[in-house]
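**Q** Sending over a structure as structure tokens; questions will come in a sec.
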Amino acid sequence: MGTDGESRAGSARLGPRAFAAAAGGVALALFVAMALIAPELPVRFDPMVYHEGAVNIACGRGYRQHWPPYDRVFGPTELRAFFPVGYSAFLAGLYALVGPGLMVPLLANAVLSALAVVLTYWLARRLAGEGVGRAATIAFLLLAATMRLSQAGYSEALFIVLLLAAFVAACARRSWASTVLAGVPLGLSALVRTTSLTAPVLFVVAFALLGDSWRRAAARAALLAVVMLAVVAPWTLRNWQVFGRFVMVSTNGGYNLWIGNNPDAVGTYRAPRTPPDVAAVRDEVEWDHRFARHATDYILKHPGAFFARMPGKLWCTLGFGLAGPQAVRAEGLPKVAARFILSLMTAVLVACTAVVGIVELVRMAREKSSSHGWAVVPLLVLGYFLAFALVFHGQRRYLYPAYPFMALALGGLWAWTAQWRHGKKGERGKWPATPPRHHP
């Protein structure tokens, strides 16, 4: 590829393992510094719920938590599976070792974010070669700093690491054994954020883009799904024992659907009004089912409103929803201006990913070749997570799991421009091809 000379020169100075270690070290130092200098304290909202669940697990009381909007509607209510358990369980292990300090999640997220930088390098390198891998790593390091995951105890850092681990394992050799291995972190990620429960569908297309036949891609994704469900199954069994009803992972899906699909929905999170029949019961699972039923009924009865709200949900997912006049009055112009700049950056990032993916799709259709199919994978992953935001409701952090893949698209753009400037005349404007991998 056009960047081979540059990659070989770079490799002579710093080999792949040394580069990964250097990138991880720089990332760790940066994210730890961000956690120590500007932590988001006191802990509120989702991080407080994760912390409470983790403390209860670490103290032997089992997974229990309170959700303030529920407490206001139903009275003080101890929930047993409202948020997915994965991140609280992860924190509980750390609390058992070092105690339940409020800085523990932040420092843990700093380590996880640095690990995500390293995994981004290995994934991009395997998909598109050394030059793209290094460019994507630098891009994601900068993007990860804007995510500020080491400054608050949100679950996205752990989810991103597990999702990347699944992709790295699945794309390493594209063998049946690597597919089984990939199912383990994918299953764990579903216990952190349930958006990955449908990820095997995503992997079908990704496998096909990376060179598998559609039949083989579907078979590998089915195997991936089986392993994922096997990992999730013990928690599902626990929920059956607690509730006497089927709850695969958590009981907040219906509530989240209702947030984005009710007469007063604004496109992002705002505690919705509770329908009378929901307020009349005292059952966590039934609340979830009734919220889901009301949201589904609203969508079916008002399909026009459902689709009309999608641009607003996209606007909020890019982050612009928190950059209006009310935010300026509440938080001050400097903070809102910084948020607006981040939202613009996110919009440009999404646009670049879309351009890279669409251009390559057109080229693949014209040349009937998937040798550069990796360039479409970022658009595929971005579309997957955007779809959840458009159906449910939008926040900028809901796109964070797609950031490593969008960094891959930026790495591809860098390689493409380098190819255009320095490549041989007949090779200018070509994407780097996916390095061949053995798959028995």
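The values are calculated or read from the model by the stated rules, or taken from the named source; none is laboratory data. For clarity, every value in this text was computed on a predicted model and none was experimentally measured. Virtual Cβ from ideal backbone geometry, glycine too; neighbours counted across all protein chains shown.
Let's see how each residue does on (1) closer than 30 Å to Asp264 by Cα; (2) surrounded by fewer than 14 Cβ atoms within 10 Å (Cβ to Cβ):
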| site | (1), (2) |
| --- | --- |
| Val328 | yes, no |
| Phe340 | yes, no |
| Cys352 | no, no |
| Glu367 | no, yes |
| Leu382 | yes, no |
| Leu386 | yes, no |
| Tyr398 | yes, no |
| Ala407 | no, no |
| Gly412 | no, no |
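**Q** Among the residues of segment 353-368, which ones are over 23 Å from the mean Cα position of the chain (by Cα), more than 12 Å from Trp416 (Cβ to Cβ), not in a loop (DSSP other than H, G, I, E, B) and not β-branched (Val, Ile, Thr)? Steps first, please.
**A** First, the residues of segment 353-368 that are over 23 Å from the mean Cα position of the chain (by Cα): 359-368.
From what's left, more than 12 Å from Trp416 (Cβ to Cβ): 361-362, 364-368.
In the following step, the residues that additionally are not in a loop (DSSP other than H, G, I, E, B) were identified as 361-362, 364-367.
Within segment 353-368, Leu361, Met364, Ala365, Arg366, Glu367 meet the criteria.
**Q** Read through the list (1) surrounded by 13 or more Cβ atoms within 10 Å (Cβ to Cβ); (2) modelled with pLDDT of 95 or more; (3) in a helix (DSSP H, G or I), then give the number of the only condition that Ala33 fails.
**A** (1)
**Q** Determine whether Thr274 is in contact with a strand residue (DSSP E or B) (Cβ under 8 Å, 6 or more places away or on another chain) and assigned to a loop (DSSP other than H, G, I, E, B).
**A** On the way: in contact with a strand residue (DSSP E or B) (Cβ under 8 Å, 6 or more places away or on another chain): no; assigned to a loop (DSSP other than H, G, I, E, B): yes.
No: the conditions fail for Thr274.
**Q** Moving to a separate point now. Please tell me if Tyr255 is part of a helix (DSSP H, G or I), among the aromatic types (Phe, Trp, Tyr) and under 23 Å from Pro69 (Cα atoms).
**A** Yes.
**Q** Sticking with this one: What's the number of the condition Leu224 fails, among (1) under 17 Å from the mean Cα position of the chain (by Cα); (2) surrounded by 18 or more Cβ atoms within 10 Å (Cβ to Cβ); (3) at pLDDT 95 or above; (4) part of a helix (DSSP H, G or I)?
**A** For Leu224, the failing item is (1).
**Q** Restricting to segment 280-307, and then to whatever is free of Cβ contacts under 8 Å to residues at least 40 places away in the same chain and not in a helix (DSSP H, G or I), can you tell me which residue is nearest to Ile259 (Cα to Cα)?
**A** Result: His302.
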